[in-house]
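One structure is given here, and the rest of the page talks about it.
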Amino acid sequence: MFYETEKNDHGLPHNPFKAIVAPRPIGWISSRDTEGRINLAPYSFFNCIADKPPIVVFSSSGYKDSVSNVDATGEFVCNMASWDLKDDMNLSSAAVPHETSEFELTGLEMADSRLVGVPRVAKAATALECKHLQTLRLKGLDGKESDNYAVFGQVVGVYIDDNVIVDGMVDVTRYRPLSRLGYMDYGVVDEVFQMDRPKV
Ligand SMILES: Cc1cc2nc3c(=O)[nH]c(=O)nc-3n(C[C@H](O)[C@H](O)[C@H](O)COP(=O)(O)O)c2cc1C
């Protein structure tokens, strides 16, 4: 089959786009507002896009609290959502008023970050402390600004739970990172295999 996104003529009960670009890692973004209130929300339009310097991006469909907080205070943390934390991660996506902290809502404990003034999720196996680089309001082919905001941050500090380091390497099977698929589907990394780069 083939469909044009403008026409959305796939004839399927649900739009398949996000099921195709899958799995997507979930950046569980903690941020704070100018009054020091802490926010937490999952974003699967998320990834690392450079390593020298290390840069991550998350994209918000609408100008949500995470974006306005990062724009206002310049820092955020990408906590990695894992199998154990899946229900808290999901609950933290609830559309609650700005004043409500998702840490309180979920009962998740915070832990101080080292280099940014935004706490991490204490139980998350890894967390990337980030400083804001830029927020880009995305434009479509028509040249018009859409209601999507990509937030870029440079990773300045990395927390890793020592328990997930095996033989000097991060063993993802120890924390089983979650990923977002299409529809209401999720994936979890349980199996890993190696391949060498081609020698030519
Ligand atoms: C697994 C998962 C992934 C999500 N990914 C995104 C995303 O990439 N962009 C987005 O705008 N909303 C996404 N959402 C919805 C937001 O988490 C939700 O709108 C949340 O309330 C936003 O919180 P905030 O206003 O505190 O930033 C996702 C929700 C879940 C459960």
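Would you compute, from DSSP H runs of 4+ residues alone, the mean residue ellipticity of the chain at 222 nm, taking -39500 (n - 2.57) per run and dividing by the full residue count, rounded to the nearest 500?
It lands at -2500 deg cm²/dmol.
Which values, in whole Å and largest first, are the semi-axes of the equivalent ellipsoid of region 148-200 obtained as the square root of 5 times each eigenvalue of the Cα gyration tensor?
Working: eigenvalues 110, 74, 62 Å².
In descending order the semi-axes read 23, 19, 18 Å.
Taking the alpha-carbon distance from residue 18 and a cut-off under 23 Å, which lysines remain once sequence neighbours fewer than 8 residues away in the same chain are dropped?
Partners found: 7, 64, 86, 139, 144.
With a sphere of radius 13 Å drawn around the Cβ of residue 76, what net charge do the other residues whose Cβ falls strictly inside it have (Lys, Arg +1; Asp, Glu -1)?
-1
Quick one: grab the alpha carbon gyration tensor of region 9-85, order the square roots of its eigenvalues as a ≥ b ≥ c, and give me rounded if a/c is under 1.5, else prolate or oblate depending on whether a/b is larger than b/c.
Cα axes put region 9-85 in the prolate bin.
Determine, at each q value in 0.10 (inverse angstroms), the log₁₀ of I(q)/I(0) that the Debye formula gives when each Cα of the chain is one equal point scatterer.
Treating every Cα as an identical point scatterer, log10 I(q)/I(0) equals -0.46.
Which order do the peptides 145-154, 64-73, 105-114 take when ranked by the mean count of other beta-carbon atoms within 10 Å per residue, highest first?
Values: 145-154: 17.4, 64-73: 19.8, 105-114: 14.4.
The densest-packed peptide leads the list: 64-73, 145-154, 105-114.
Each value in this text was obtained by applying a stated rule to the coordinates, not by laboratory testing. Just so it is clear, the model here is predicted, and its values are computed rather than measured. Virtual Cβ from ideal backbone geometry, glycine too; neighbours counted across all protein chains shown.
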